[in-house]
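What follows is a set of notes on a single structure, which appears directly below.
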Amino acid sequence: MHPRFNFAKASPDAYKAVLGLENYVQNSGLERRFIHLIKLRASQINGCAYCVDMHVKESRHDGLGEQWINLMSVWRESPVYDAKERALLGWVDAVTRLADTGAPDDAYQALAAHFSEKDITDITVAIGVINVWNRLAVGARTPHPIDQPARAA
């Protein structure tokens, strides 16, 4: 895969606008684990290697467990996630795949059982923002960094 262009350099004002929404999400009061969950799951759905790599590393840095991170792509099959996280994962899936799902009532009702309307608004904005980042990174073919391989001592 070869990069197409650097979207931040191509349109600094667009980049700043998306970054403004990102800053809102980071300061919205949502728990860090929920922000990580939203970003990682949406990036998996959208096939954004750059963002999956980044959000796995950020999740680890913030102390989230390997199993919690690794099983997210198959969350329906794993008991690792609590009821609140499962409701959130269902909403991330529904909103990220909006054209296919229409954000169904059952996904909303599961979410509303655990979150306030303000939280649901902030969660949905967070889903929208990561979807924008994913579309920019995938559309521009932004490569993720390659880590140095571990070496045996």
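For segment 97-153, the set of residues classified as part of a helix (DSSP H, G or I), among the charged types (D, E, K, R), touching a residue at least 40 places away in the same chain (Cβ under 8 Å) and surrounded by fewer than 16 Cβ atoms within 10 Å (Cβ to Cβ) consists of ARG135 only. For PHE115, the requirement of being under 15 Å from the mean Cα position of the chain (by Cα), farther than 27 Å from ILE146 by Cβ and of a type in the set (Phe, Trp, Tyr) is not met. Within this structure, GLY90 fails the test of being surrounded by fewer than 13 Cβ atoms within 10 Å (Cβ to Cβ) and either modelled with pLDDT of 95 or more or not hydrophobic (A, V, I, L, M, F, W, C) (or both). Close contacts from segment 32-47, counting a first residue that is under 16 Å from ARG97 (Cβ atoms) and free of Cβ contacts under 8 Å to residues at least 12 places away in the same chain and a second that is of a type in the set (Ser, Thr, Tyr) and part of a helix (DSSP H, G or I), with Cβ to Cβ under 6 Å and a gap of 6+ residues or different chains, come to none at all.
Of the residues in segment 46-61, none is loosely packed, with under 15 Cβ neighbours inside 10 Å, of a type outside the set (D, E, K, R) and under 27 Å from LYS118 (Cα atoms).
The helices (runs of 4 or more DSSP H) found wholly in segment 1-64 and carrying at least 3 residues that are in contact with a Ser or Thr (Cβ under 8 Å, 6 or more places away or on another chain) and under 16 Å from ASP93 (Cα atoms) occupy 32-46.
The values are calculated or read from the model by the stated rules, or taken from the named source; none is laboratory data. Quick caveat: nothing in here was measured; it's all calculated off a predicted structure. Reconstructed Cβ throughout: ideal geometry from the backbone, glycine too, with neighbour counts over all protein chains shown.
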